[in-house]
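Structure record follows, encoded as structure tokens.
The values are calculated or read from the model by the stated rules, or taken from the named source; none is laboratory data. Nothing here was measured: the structure is a model prediction, and the numbers come from that model. Quick reminder, even Gly has a Cβ in these numbers, built from the backbone with ideal geometry, and neighbours come from all protein chains shown. Only protein heavy atoms, including side chains, enter the accessible area calculation; ligands, DNA and RNA are left aside. Shrake-Rupley method; radii C 1.70, N 1.55, O 1.52, S 1.80 Å.
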Amino acid sequence: MGDNFTAVISGRGILCGAGVGVEAVWQGLCRGRVDCAPVPERLFATGLKFPVFTCPREPFPAAADSWLVDGELRPGTGRTLALALAATVQALDDAGIEAGELRRARLGIAIGTTVGCTFHDEDYFVAWRDGREPDLDPVRNFLGNNVAQGLHRLLGTHGPAMVITNACASSTDAIGLAANWIATGVCDLAVAGGSDELSRVALNGFASLMLTSDAPCRPFDVDRQGLNLGEGAAVMVLESAERLKRRAKAAPGMVRGYGTAADAWHPTAPHPEGRGLVNAIKGAISAAGLDCVPALINGHGTGTRANDQAETHALAQLFDPAAAIYLVSTKGISGHTLGAAGGVEAILTLEALRRGETPGTVGCHTPDPDFLFSPLPEGEKVGLASRIGISQSLAFGGTNSALVLEAF
Amino acid sequence: MEKLKAELKEMIIRDLKLQGVEPADINDDDPLFEEGLGLDSLDAVELVVLIQKHFDVQIEDMDEGREAFA
């Protein structure tokens, strides 16, 4: 990405356990609203009682049906796709883009996910394993629920489509990729972010690694006991500054830079000193050509022992711990939404930068004294010295990705 | 010991939501996985967590759990 790497963020859509819409989620963050509970029966049956954060039963509101080329949601639309669609139409409304205009544009869609269109139908798996011949509906649903393709089909739009499945960095990568599409003219408009529903496979996977907390998570706290999973979706509309100028629309900010780097260390644990994260942030800052330091870092901050240690270690190598650079995690109000996390956090980062202030980390009462870079704890609220911030994600597989965002 | 076994069988049926299985259907030496009760790796994770909570024991990692079930 060269010096003229620019993608303006003209719209934002979000839903997670903290609420629906940027304003609601921001208010939830400021009030420290923590609304989590064991997985409700309506999602799936499980013997595990770890608290999780959930979205509305029907994530896509019927009031938004006019966006759909068929006038209504097709049967067999999976929950992850419905969540993505709900965030997308919110973002398009926010950007002031209408359906007709959208269908005429070259629209790029880049969505991160971990659950995506994988099989959820365990009955199907069990029957198949037992040598029976189960009905093929789960296979048809699988084929129809590719999140990026599904959005194009439901909205009646055309253009590049990419699903990024890179664990917890997926949607940070999707936003970085789509920003690059805009900067290089691959498309006129882009919808980028992530979406993930709760799934039993993910929940049990995290439980098997002993990474889930019995209580609401406490990112960066000395007594942190692990993460809470959450479901959600978050999407940005990206376009070029020229296009935005032509339609005389104000925008909240822009993607200034993106970087990604691997730890090459361990399948599920971060490098203890955050080796890959340091390189990812350096890459993002270099792409941004930053002339001032960031005022805010929205960390991955899952609340696991290893993540929070690695992340703060990395930041201390890059930034002066005494400078007015505030590190927060917003996962205390949303849980870890996996493939949606980077999108959720990029949107909250931008909102804080736009308002020029950030609340502290919900769930962090006593920052771990071992950290070389201290987080802003719950209950504090500070003004931000610049309009530039970083949103970063650390993923299984050792991927680290970072976005540099600027509010106008 | 008999009480403990009965409690364990009830817990497995109730919390892993096994359909159409009664405690009396489970023999003490039935394998938990595959040919026995037919549990899979997702159930195994839940079982480890359930046993920790229910019997107030600590299973340090899932490898230890795997040995205990073997």
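See the values below:
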| quantity | calculated |
| --- | --- |
| Any hit, segment A:130-141, residues being at pLDDT below 95 and under 25 Å from the mean Cα position of the chain (by Cα) | yes |
| Residue list for segment A:1-28, restricted to those being of a type in the set (A, V, I, L, M), open to solvent by 10 Å² or more (accessible area, probe 1.4 Å) and touching a residue at least 24 places away in the same chain (Cβ under 8 Å) | A:Met1, A:Val20, A:Val22 |
| Total residues in segment B:36-70, condition small (Gly, Ala, Ser) and more than 10 Å from chain A (Cβ to nearest Cβ) | 3 |
| Out of A:Arg57, A:Arg74, A:Arg42, A:Arg132, sole residue that is free of Cβ contacts under 8 Å to residues at least 60 places away in the same chain and farther than 30 Å from A:Gln225 by Cα | A:Arg132 |
| Segment B:14-35, subset touching a residue at least 12 places away in the same chain (Cβ under 8 Å) and more than 10 Å from chain A (Cβ to nearest Cβ), residue farthest from B:Asp56 (Cα to Cα) | B:Val21 |
| Enumeration of residues in segment A:203-246 that are within 14 Å of another protein chain (Cβ to nearest Cβ), open to solvent by less than 10 Å² (accessible area, probe 1.4 Å) and outside any loop (DSSP other than H, G, I, E, B) | A:Leu203, A:Asn204, A:Ala207, A:Leu229 |
| Residue in segment A:183-202 that is farthest from the other protein chains (Cβ to nearest Cβ), counting only those that are open to solvent by 10 Å² or more (accessible area, probe 1.4 Å) and not in a helix (DSSP H, G or I) | A:Gly185 |
| Number of positions in segment A:34-51 that are touching a strand residue (DSSP E or B) at 6+ places or on another chain (Cβ under 8 Å) and more than 14 Å from chain B (Cβ to nearest Cβ) | 3 |
| Residue match in segment A:255-270 (condition: open to solvent by less than 50 Å² (accessible area, probe 1.4 Å), without any contact (Cβ under 8 Å) to a residue 40 or more places away in the chain and within 14 Å of another protein chain (Cβ to nearest Cβ)) | yes |
| The lone exception for A:Ile285 - which of (1) in contact (Cβ under 8 Å) with a residue 60 or more places away in the chain; (2) touching a helix residue (DSSP H, G or I) at 6+ places or on another chain (Cβ under 8 Å) it fails | (2) |
| Matching residues, segment A:182-238, being among the hydroxyl-bearing types (Ser, Thr, Tyr) and farther than 15 Å from A:Leu338 by Cα | A:Thr184, A:Ser208, A:Ser213 |
| Test: residue in segment A:166-182 that is part of a loop (DSSP other than H, G, I, E, B) and within 25 Å of A:Ile281 (Cβ to Cβ) | yes |
| Set A:Ser386, A:Ser401, A:Ser393: member being of a type in the set (Ser, Thr, Tyr) and open to solvent by 10 Å² or more (accessible area, probe 1.4 Å) | A:Ser386 |
| Qualifying strands (runs of 3 or more DSSP E) (wholly inside segment A:328-408; at least 1 residues being on the phi > 0 side of the Ramachandran plot) | none |
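Residues checked against (1) part of a helix (DSSP H, G or I); (2) modelled with pLDDT of 90 or more:
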{"residue": "B:Met11", "(1), (2)": "yes, yes"}
{"residue": "B:Asn27", "(1), (2)": "no, yes"}
{"residue": "B:Leu42", "(1), (2)": "yes, no"}
{"residue": "B:Leu50", "(1), (2)": "yes, no"}
{"residue": "B:His54", "(1), (2)": "yes, no"}
{"residue": "B:Ile59", "(1), (2)": "no, no"}
{"residue": "B:Asp63", "(1), (2)": "yes, no"}
